[in-house]
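Have a look at the structure below, then the notes.
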């Protein structure tokens, strides 16, 4: 009997540590009051950068924590942030640069990042195929129309900030090209390119690879390639984070703790499964699209955070990127927009 209590006590002490590591621990078998449903707004569906969130209900990461996550997909990161700020969602998957855009110097931030998700910003500047002989570099985009994901009145998307930064890095200003907002729908954006209504798109994966594979567009600049990315100050900025409102942090810390554990379960599941196994859990309709998604997963094997720790160097890079893309705005310190208590209690170095 004494041995039983010793083992039981040991397991009780280990459970929080195992959950911190992201180990898939089944929910308790005895009856418990289920946690209220939580909502999360994000870009998609089908955007590779937000894969850990799309997988949550598919692999049961939320059910393992005794709750249900309801995903609210939007046309862009600023729309996802708007859902959070208008209290239509409990959490949002957004870029840290979007939070910097929403913040005002000297004022409390309207949203706080509580965990990092995507370590690599998977953006590709694609150009319609008919212009291959005319556009050889970024400087050739002078006078051209460039599409970026939908934005709000005051907040530029990360894609739009990238376009601005890329133009400036190659001797152009924003007025030298026409930057217009477009939706997330693959079919609609492909039509815009094919019809010549836009000349280029700052696209994320797997849409960029799909357009290239279909012959609709070619890649001009990929941030996954070190040489072109090096021309953009801070190009390795922190792209996707899990964010919430300050009132949730103050009033519902257990909800945040649960959500971070759910995210860690998903990140761990991705790190321990093959691209084939990951795609098998996603509602991807055709074999061609499934193969494309697997290709992207193989091409970017370390795109997601493995430990959900904020990295001090990456935060400084994010500030650098933001300053270059938005020189007219007051500088924003990234440290004031994150709360690492639910990941490790500190920022890694």
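The values are calculated or read from the model by the stated rules, or taken from the named source; none is laboratory data. Fair warning: this is a prediction, and the values are worked out from it, not measured in the lab. Neighbour counts run over all protein chains shown; Cβ positions are idealised from the backbone, glycine included.
Here is a yes/no grid of residues against (1) over 21 Å from residue 77 (Cα atoms); (2) part of a helix (DSSP H, G or I); (3) within 17 Å of the chain's Cα centre (by Cα); (4) in the same structural domain as residue 58 (by TED's automatic domain parsing):
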| position | (1), (2), (3), (4) |
| --- | --- |
| 256 | no, yes, no, yes |
| 260 | no, yes, yes, yes |
| 266 | no, yes, yes, yes |
| 283 | yes, no, no, yes |
| 288 | yes, yes, no, yes |
| 291 | yes, yes, no, yes |
| 297 | yes, yes, yes, yes |
| 301 | yes, no, yes, yes |
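How about the range 98-154: which of its residues are assigned to a helix (DSSP H, G or I), within 19 Å of residue 174 (Cβ to Cβ) and more than 17 Å from the chain's Cα centre (by Cα)? Break it down into steps so the answer makes sense when it comes.
Residues of the range 98-154 that are assigned to a helix (DSSP H, G or I), as a first pass: 98-102, 129-131, 138-141.
With the extra rule that they be within 19 Å of residue 174 (Cβ to Cβ), the set shrinks to 98, 100-101, 138-141.
Within the range 98-154, 138, 139, 140, 141 meet the criteria.
In the set (1) under 30 Å from residue 129 (Cα atoms); (2) modelled with pLDDT under 90; (3) surrounded by 19 or more Cβ atoms within 10 Å (Cβ to Cβ), the condition left unmet by residue 284 is number (3). Scanning the range 213-240 for residues that are assigned to a strand (DSSP E or B) and either out of contact with any strand residue (DSSP E or B) (no Cβ under 8 Å at 6 or more places or on another chain) or farther than 15 Å from residue 118 by Cα (or both) turns up 217, 218, 219, 220, 221, 222. Within the range 58-77, the residues that satisfy the criterion of being under 25 Å from residue 299 (Cα atoms) and in a helix (DSSP H, G or I) are 58, 59, 77.
Yes or no, residue by residue, for (1) in contact with a strand residue (DSSP E or B) (Cβ under 8 Å, 6 or more places away or on another chain); (2) under 22 Å from residue 304 (Cα atoms); (3) at pLDDT 95 or above:
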site: 46; (1), (2), (3): no, yes, no
site: 53; (1), (2), (3): yes, yes, yes
site: 58; (1), (2), (3): no, yes, yes
site: 68; (1), (2), (3): yes, no, yes
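Would a scan of the range 232-241 turn up a residue that is crowded, with 19+ Cβ neighbours inside 10 Å and more than 30 Å from residue 164 (Cβ to Cβ)? No: zero hits.
What's the total number of residues in the range 26-44 that are in contact with a strand residue (DSSP E or B) (Cβ under 9 Å, 6 or more places away or on another chain) and either surrounded by 15 or more Cβ atoms within 10 Å (Cβ to Cβ) or at pLDDT below 80 (or both)? Step through it out loud before you land on a result.
Residues of the range 26-44 that are in contact with a strand residue (DSSP E or B) (Cβ under 9 Å, 6 or more places away or on another chain), as a first pass: 37-44.
Among the residues that remain, those that are also either surrounded by 15 or more Cβ atoms within 10 Å (Cβ to Cβ) or at pLDDT below 80 (or both) are: 38-44.
Adding up the residues that qualify gives 7.
Looking at the range 205-212, can you tell me whether even one residue there is surrounded by fewer than 20 Cβ atoms within 10 Å (Cβ to Cβ), assigned to a loop (DSSP other than H, G, I, E, B) and touching a strand residue (DSSP E or B) at 6+ places or on another chain (Cβ under 9 Å)? No: zero hits. Please determine, by comparing only the residues of the range 82-97 that are crowded, with 24+ Cβ neighbours inside 10 Å and farther than 19 Å from residue 51 by Cβ, which one is nearest to the chain's Cα centre (by Cα). Result: 97.
Does residue 308 satisfy being touching a strand residue (DSSP E or B) at 6+ places or on another chain (Cβ under 6 Å) and either part of a loop (DSSP other than H, G, I, E, B) or in the same structural domain as residue 274 (by TED's automatic domain parsing) (or both)? So that I can check it myself, show each step before the final result.
Values: touching a strand residue (DSSP E or B) at 6+ places or on another chain (Cβ under 6 Å): yes; either part of a loop (DSSP other than H, G, I, E, B) or in the same structural domain as residue 274 (by TED's automatic domain parsing) (or both): yes.
Yes: the conditions hold for residue 308.
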